[in-house]
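A short worksheet on the structure shown next.
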Amino acid sequence: MRTRRISAATSLAVLFSSVVLVGGAANPAAADSSKVLPAASVGDIVADGVHKRVFISDPTGGKVLVTDYNGAVVGTIASLPGVTGLELSADSGTLYAAVPGADAIVTIDTAGLKESARYATGEGTDPKHPALAGGKLWFGYGAAGEGNIGSLDLSGAEPVVTLDQDKDRTWFSAPTLASAPGAPGTLAAGIETQSPAELAVYDVASGTATRTAHASVDGGNMRDLALSPDGKQIVVASAAPYLHQAYNTADLSRGAAYPSTSYPNAIDIAPNGTVAAGSSAWYDPDVYVYKPGNTTKPVRTYEFPNTGNSSGADTLMDAGLAWAPDTSRLFAVTANSLGVRSLRVLTDAVKSASTVTVNAPAKSALNKKLTVTGRVKSDGAFPAGAKATVTRTDIESPKGKALPAVTLKSDGSFSFADTPTAGGQVTYKVSYAGDAAHSAASGSDKVAVPRTVTSLTVNHNKALYSYGTDVTFTAHLGKTYKNRTVELWVDPFGSDKPNKLVRTGKVDSKGNLSTKVDMTRDTTVTAVFKGDGRYTSKKVTSTAYAKVKVSTSISKQYKTAKIGKTSYRYFHKKTNPVFTTSMTYYKNRSHKLSLELYYQGKWYDAGSQYFKLGTSGKSIVTLNGTHDTGYRMRVRASYVNGTSGDTVNSTTHGAWQYFIFTK
């Protein structure tokens, strides 16, 4: 077991969406994840391997958060003012929480996720850091200038709290404690935020704390410490020096050192001896993982990304690391510059990070064999016979088609041949599932395989039709491979009539597919062929034009008679003719009314003017003024594309209507 504290921060968390972890020097495992914690601060973190839960204390919020192994919050234990250190019983049935705001040690039922007991430690003791050793629960306690070690014995009929266990009274404030199941009689202690760092080792097998070693060690501003599983070494995370230093518990002489980076602030050692060393570093890896017995090269590093709109990358919180007992996961608590805290779940932390590179030709012909090479790269040799799966994705297999697996050479390299049977973009993806020493990884590369261009046409392009004519538009598709389906879209001019898919179907034996359009407006018909494995997609359009309905009538004449073969309306010179125009209505549409005069065998322009149509599609215009007699005249109404107020129809001229004034 181990216990350590994360310094409480006071800024409230702003909830952001969960983000995916991005690995450090190499690609992360696909299952690595991150979820925002609804915490105002973080005091400690421990993992329960029996119930597959993670416990995180929130001193400012006065609560313990409980998450599952995926980081989702599944419970909260409240009413724990200032709760800081946490310690889990050997059977994972009880969680011990130091609650300085209540001067108590609180036990929590890990199955029911509720408080089960509360043990007073004495007024003003402010217990913070518990650790199980020698059959008792030990805890660091005391405010500034009053630090010491106490114990809680629950073995008898009544709980017994004993204070002042360190008779030398050298701790300025509550020391951080650490223990390990492999050394049940050993208790390690260290003081935080002090330079130089101060460490001590106690023999607690007898039930009392007997100091066996004490020293001021290199560096200072300790943030975390951990005891090795065999109890022979204490590993310290101090802001300086820039590494994680181990000390021998026998005499606190310097032992191994785990290279890391600036501002070490977290350490956790798994039951099998795997070390997770963390630092508060913006520009370097945040976590270094070392296999048991290897103190020279990390098996894995992690660099946490920026989350939300914060400045800089997220950083590891003090003492923010916890191993799942079986090392299947490493849990890390991070924070960004906005005070948002996240729980990151790292699933392959004990495996060397793997990457997969895939090299395929940039371009290849259809139905021609090509060769793909690549390499699965990671530290150490791959097991004999290790294989990687291969998937080919193309237009005919959009979800991917499995190809024969490839066998990796000892250095991870591979090669395979394939013949693309479909054109377009072909993607080859190679995936390695991982093994006991290497994480899973995948990579891909793309090949451009040209496809043939087929023919596609639509008839009636640029044709002009009378208003309301039913016109059959026919698309003709040329040769293709498998796909014989065409879409027909009809788009009448005008923003009020959207482009609409009117038919989708296979062309007939002649390659044709048709649709009928009522030509009330200029209309674009589009044919779409979406392509297939050997022929490219294609889209063609045909725009046909539609006239408007337009007619003009004249009224108030005193008679109608022919001059030659043309029928004229006769008006007395004091009568004003009325011209009534009917035209297909469209919003804000106007019609043009034109007058012409017949003189010496030729018609001459006598003026024109635009008049707005009513919503019924009618307009009534009276020709006022002094009317000269004996002159033949004519009038007609026109729709003029653009100048009549819209562009949805083609220019249309109505028939001339003839009239003459007499005395």
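May I ask for the net charge around residue 521, where only other residues with Cβ less than 11 Å from the Cβ of residue 521 are counted and Lys, Arg are +1 while Asp, Glu are -1? Before the final figure, lay out the partial values.
Numbers: positive: 497, 547; negative: 491, 496, 518, 522, 646.
So the environment of residue 521 carries a net charge of -3.
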(request) May I ask what percent, to the nearest 5, of DSSP beta bridges between residues of the chain are antiparallel? (result) 95 percent
(message) Can you report the principal axis dimensions of the range 355-449 using only the alpha carbons, biggest first, rounded to whole angstrom?
(response) 39, 22, 18
(request) Report the local net charge at residue 146: Lys and Arg +1, Asp and Glu -1, summed over other residues whose C-beta lies under 11 Å from its C-beta. (result) -1
(request) Could you run the Karplus curve 6.51 cos²θ - 1.76 cosθ + 1.60 with θ = phi - 60° over the range 416-422 and give me ³J(HN,Hα) per residue in whole Hz, x for Gly and Pro? (result) 8, 10, 7, 10, x, 9, 9
(request) Give a residue-ordered list of calculated ³J(HN,Hα) values for the range 602-615 (Karplus: 6.51 cos²θ - 1.76 cosθ + 1.60, θ = phi - 60°; whole Hz; x for Gly, Pro). (result) 9, 8, 10, 5, 10, x, 8, 7, 9, 10, 6, 7, x, 5
(message) Under a crude label model (7 Å from the Cα following the beta-carbon direction), how far is residue 606 from residue 369 in nanometres?
(response) 8.9 nm
(message) With the crude spin-label approximation of a point 7 Å out along Cα→Cβ, what separation in nm comes out for residue 195 versus residue 643?
(response) 8.8 nm
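Which pairs break 25 Å Cα to Cα here: 401/482; 516/539; 368/399?
Numbers: 401/482 18 Å; 516/539 19 Å; 368/399 22 Å.
With Cα atoms farther than 25 Å apart: none of 401/482; 516/539; 368/399.
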(request) Could you let me know the centre-to-centre spacing of the range 334-366 and the range 193-242, using Cα atoms, in angstrom? (result) 36 Å
(request) Evaluate the distance, in nm, between pseudo-label points positioned 7 Å from the Cα of residue 580 and of residue 162 along their respective Cα→Cβ axes. (result) 11.7 nm
(message) At q = 0.16, 0.19, 0.21 Å⁻¹, what log₁₀ I(q)/I(0) does the range 374-510 have when each alpha carbon counts as one equal point scatterer in the Debye sum?
(response) -0.92, -1.12, -1.24
(request) May I ask for the net charge around residue 619, where only other residues with Cβ less than 11 Å from the Cβ of residue 619 are counted and Lys, Arg are +1 while Asp, Glu are -1? (result) +4
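Once you have a ≥ b ≥ c as the square roots of the Cα gyration tensor eigenvalues for the range 124-257, tell me rounded if a/c is under 1.5, and otherwise prolate or oblate according to whether a/b is larger than b/c. Could you put the intermediate results ahead of the total?
Details: a/c = 2.13, a/b = 1.39, b/c = 1.53.
Oblate.
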(request) Beyond 39 Å, what share of the Cα-Cα pairs of the chain is found? Please give it as a whole percent. (result) 57 percent
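Exactly which chymotrypsin sites (Phe, Trp or Tyr not before Pro) in the range 359-428 are in a DSSP loop and have at most 11 other Cβ atoms within 10 Å?
On the way: sites: 414, 416, 428; in loops: none.
Sites meeting the loop and neighbour criteria: none at all.
Express the relative contact order of the chain as a whole percentage, based on alpha carbon pairs under 8 Å and six or more residues apart in sequence. Provide the component values of the computation, followed by the final result.
Details: 1977 pairs, mean separation 50.2, N = 663.
Relative contact order, the chain: 8 percent.
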(request) Pop out the Kirkwood hydrodynamic radius of the range 505-663 from its pairwise C-alpha distances, inverse of mean 1/r, in Å to one decimal. (result) 18.8 Å
(request) Mind counting lysine pairs for me in the range 568-639? Cα separation below 18 Å, and the two need to be 8 or more apart along the chain or on different chains. (result) 4
(message) Test of understanding: express the Cα radius of gyration of the range 456-546 as a ratio to 2.2 N^0.38 Å, with N the residue count.
(response) 1.09
(request) Take the alpha carbon atoms of the range 530-563, find their center, do the same for the range 141-188, and report the distance between the two centers in whole angstrom. (result) 96 Å
(request) Between the alpha-carbon centers of the range 75-140 and the range 452-516, tell me the distance in whole angstrom. (result) 76 Å
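None of the figures in this text is laboratory data; all of them are computed from the coordinates on show. Nothing here was measured: the structure is a model prediction, and the numbers come from that model. Note: ideal-geometry Cβ built from the backbone for every residue, glycine included; neighbour counts use all protein chains shown.
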